[in-house]
1. Search the range B:132-153 for residues that are within 12 Å of chain A (Cβ to nearest Cβ) and pair each with any residue that is in a loop (DSSP other than H, G, I, E, B) and of a type outside the set (Lys, Arg) when their beta-carbon atoms are under 9 Å apart and the residues are at least 6 apart or on different chains.
2. What residue, among those in the range A:48-78 that are touching a residue at least 40 places away in the same chain (Cβ under 8 Å), assigned to a strand (DSSP E or B) and among the hydroxyl-bearing types (Ser, Thr, Tyr), is surrounded by the fewest Cβ atoms within 10 Å (Cβ to Cβ)?
3. Give the residue that is farthest from residue A:46 (Cα to Cα), with candidates limited to residues of the range A:159-205 that are of a type in the set (Val, Ile, Thr) and at the interface with another protein chain (Cβ under 7 Å from one of its Cβ atoms).
4. From A:217, A:196, grab the single residue that is basic (Lys, Arg), surrounded by fewer than 21 Cβ atoms within 10 Å (Cβ to Cβ) and within 20 Å of the chain's Cα centre (by Cα).
5. Give just the number: which of (1) modelled with pLDDT of 65 or more; (2) under 27 Å from the mean Cα position of the chain (by Cα) does residue B:35 not satisfy?
6. Within the range A:125-140, track down each residue that is surrounded by fewer than 16 Cβ atoms within 10 Å (Cβ to Cβ) and at pLDDT 85 or above.
7. Restricting to the range B:180-199, name every residue that is at the interface with chain A (Cβ under 9 Å from one of its Cβ atoms) and either among the β-branched types (Val, Ile, Thr) or more than 14 Å from residue A:204 (Cβ to Cβ) (or both).
8. Look through the range B:98-108, keep the residues that are surrounded by fewer than 17 Cβ atoms within 10 Å (Cβ to Cβ) and assigned to a loop (DSSP other than H, G, I, E, B), and return whichever of them is nearest to the other protein chains (Cβ to nearest Cβ).
Amino acid sequence: MPSVKMPRHNTDTDMTPFVDVAFLILSFFMLATKFKPPEKIPIKTPGSVLADKLPENDAVMMTIDSSDRVFFSVLSQKEPKIKVEVLKKLNTMRGLNLTDAQMEKFKNIYMVGVPLASLGQFLDLSAEEQKTYKDPGIPVLDSATNEMVWWINASVAAFSDRGIKLTNFLLKGDGESKFPTLEGIVSAMERNEEFKYQLITSLEGVPTSSELDKFNKKPKGK
Amino acid sequence: MSSIDTSSEGGGHKKGPGVKKAKKHSTRIDMTPMVDLGFLLITFFIFTTTMSSPTTLKLNMPKDTDKEEEKNKAKESGALTIMLGKGNQVYYYEGQLKVDATENNFKVTTFKQIREIILKKKADVISRYVRNVDCENDKLNLWKKNNIEGKFLSDAQESCEQKDLVVVIKPNSEATYKNTVDILDEMSICRVFTYALVKIASVENELIKKTEETSGIK
């Protein structure tokens, strides 16, 4: 009598499709990832329904953190040298007596949050010391000592030397910061005859059946 | 699986002393380390990726010189003043501030209800609007002149029917940045075109203080 042969199953599973999918996901994330610039202070931006793209070049950013400290940064990934040029302008404008070596170091600083008087001291610190340094923030509250005026002025001058009209003034504020700080920045901008801002916010959905929602859904043109 | 077979005996294939047979290599490669690495990279990229890129909200402030003119332009019937205080409280009044023994139009509300109030005001202004073709044509010409594309007659009509509506936003010193952005955002949600961020008057600030004290807002 012939014995019944059990079919032999292979214990090896073919992992190829699985690996294919894994690498597909991997390539997606690799392409989609955009590395954040190192941020020393976490800022929780409020949400808004408007979705304009954020410029990355030829822009300056003013940051307010949750304890109302103000920071200033020049955003220009294409030309990192422009940062140094801004500081050079500021140096001659305010007579800060910074050395060339000190100003050269400014290239590596993403955000500056120190009063002009202690800027030289801050630049002398090593990179590690700067990371742990507790920034006091740029003073803006008092109109007589509002140093943001000079930072904006110097940036506009430095960009115009390169034939660029600086129009992107970004404002990134923490939701918890108080209004007077914002007002201080607004008045610094006004003294430089600049009136257009872009507030950095995180995107929120448009509330359904609100006026904006209806407008967006309406067919265009007439 | 992937180990190379180095032993020459034990196969039982040898036929004779002179016969050399090519070693049979397995065509299967052990893919485990590669897959491991793949998943490690996936996890890394998932954690580092920032999906929601920040967006921007455009804000144009009026020049100081324009302000007086703008103020006079604002018709009392279409003006709505919104003030922001501490504890996410919102205060508002319509038209001119009138607080005396007979009248009080200074009211307290919250962020949840402010949308209704803005929309009510807007509807009120629109209901009083009589179609004005000149205004519509002016708007269209202005857009044409400034090369603004994607604007049509319907946009001109929308903007003309609410031309008397002006929302004045006055955060006090205790209002947070979030409140300010939220109320600006509310303007775009309700499609209010004319609004201004203005410094708060001391009379209004005192009224807010008084209300905070009586209702115990911290």
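The values are calculated or read from the model by the stated rules, or taken from the named source; none is laboratory data. Not measured: the values here are computed from a predicted model. In this analysis, Cβ positions are derived from the backbone assuming ideal geometry, glycine residues included, and neighbour counts consider all displayed protein chains.
1. Close Cβ pairs (under 9 Å, with a partner that is in a loop (DSSP other than H, G, I, E, B) and of a type outside the set (Lys, Arg)) amount to B:140/B:152; B:150/A:221; B:152/A:221; B:153/A:221.
2. A:48
3. The selected residue is A:186.
4. Working: A:217 fails: within 20 Å of the chain's Cα centre (by Cα).
On inspection, the qualifying residue turns out to be A:196.
5. All conditions are met except number (2).
6. Correct list: A:136 only.
7. B:180, B:181, B:189, B:190, B:191, B:192, B:197, B:199
8. This residue is B:105.
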